[in-house]
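Trainee: Below are the C-alpha cells for one structure; questions will follow.
The values are calculated or read from the model by the stated rules, or taken from the named source; none is laboratory data. Here the structure is a predicted model, which means the values were calculated and not measured. Methodologically, a virtual Cβ is constructed for each residue, glycine included, from the backbone with ideal geometry; neighbour enumeration extends over all protein chains shown.
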Amino acid sequence: MPSIGPGSFLYQQPFFDDPSLLASFPAGDYVCNASGGTLGPVQVTVTRQAQPYWPDSVPAYTPATIIAMQNANAAFDLALDFNAWAAPAPADFGINFVIIYDALTGSVVYSVGFNAADMAHAVPAGTLTRGRSYNAFLYFSGRSQIFDGTLNRLVAYDYATYATLFTVACVGDLNRDTFVDDADFSSFALAYDTLLCDEPTMPFGCPADLNRDGTVDDADFSIFAAAYNDLICP
Ligand SMILES: [Ca+2]
Ligand SMILES: [Ca+2]
C-alpha cells in the first residue's frame, strides 16, 4: 500500500476534479501518516474512490444571485439562491456553510450553516457594511468514516465556490466612492443609451438600473437625478 508522509493533506484537495492529482493518486487505499495534531502521531487509511461521489453538482449561486451581488444594498436582506445537490454525497457527516469574507481585510463577517437540500438563504439586513467588497463562499464538506476492525477508513472531501459581492454606498453611486457626481453621471449616461441590462455592452450587474427592472430608462434617471443633486451619500 503506498504511503503518504507527514505534511500531506490529500483529503483537503478537491481531488476528484484535478487531473494531475488523479494521475498521482489512482483509485485504491493509501496509508496517511500525520503528526502534530491534538491526537499526536496517527495513521489512517485513505480510500481513493474510482468514481467521484458527485460528478457535476457542487454548490453554486444562480446567475441572478451573482448579478444581484454586484449591487447589494446592506440595508436590506440579501437573498442568496443556489442549487441543491442532485446526488447528495453518501457522507456520514456533512457540513455546509455560507461564509462571507471582507475582501480587503479577509475577516469573516458572516458565517451560517445550512442543509444540503437547501436552495436559498437570506443574509440579514445590517450584516454587511455599505460601500464594501466581499467574497461570498458556498462551502461544502463531507466525511465518510468506516472502521473495518483494524483501521479507520476515511474518505473526506471539501468543495467551495464563491462569488464577489459588492454593497452600494448609496443609490446612484455607481463607482462606489461615496459621491454621486459627474463620474457616476457619465456611467449612467452610457447605460441609459444602452437601455437593456442584458445587452453585452452593459456593465456587469447593470448597476445603473436603480429600480432593478431590467432596463435603464427615465424611471432610473429620476432616481439618479435626485441622488446627483444631493452629491454626498447620506
Ligand atoms: Ca460615485
Ligand atoms: Ca430600471
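Trainee: Looking at this structure, is ASP118 at pLDDT 70 or above and of a type outside the set (Ser, Thr, Tyr)? Spell out the reasoning first.
Mentor: Working: at pLDDT 70 or above: yes; of a type outside the set (Ser, Thr, Tyr): yes.
So ASP118 fits the description; yes.
Trainee: Among the residues of the stretch 190-234, write down those that are surrounded by 13 or more Cβ atoms within 10 Å (Cβ to Cβ), within 19 Å of GLY131 (Cβ to Cβ) and aromatic (Phe, Trp, Tyr).
Mentor: Within the stretch 190-234, PHE224, TYR228 meet the criteria.
Trainee: Moving to a separate point now. Filter the stretch 172-211 for residues that are in contact (Cβ under 8 Å) with a residue 24 or more places away in the chain and within 12 Å of ligand 2 (Cβ to nearest atom) and give the result.
Mentor: Within the stretch 172-211, PHE188, ALA191, TYR192, CYS206, PRO207, ALA208, LEU210 meet the criteria.
Trainee: Among the residues of the stretch 91-115, write down those that are modelled with pLDDT under 90 and in contact with a His (Cβ under 7 Å, 6 or more places away or on another chain).
Mentor: Matches in the stretch 91-115: PHE114 only.
Trainee: Answer yes or no as to whether ARG212 is among the basic types (Lys, Arg), out of contact with any Pro (no Cβ under 7 Å at 6 or more places or on another chain) and more than 10 Å from ligand 1 (Cβ to nearest atom).
Mentor: On the way: among the basic types (Lys, Arg): yes; out of contact with any Pro (no Cβ under 7 Å at 6 or more places or on another chain): yes; more than 10 Å from ligand 1 (Cβ to nearest atom): yes.
It is true that ARG212 is among the basic types (Lys, Arg), out of contact with any Pro (no Cβ under 7 Å at 6 or more places or on another chain) and more than 10 Å from ligand 1 (Cβ to nearest atom).
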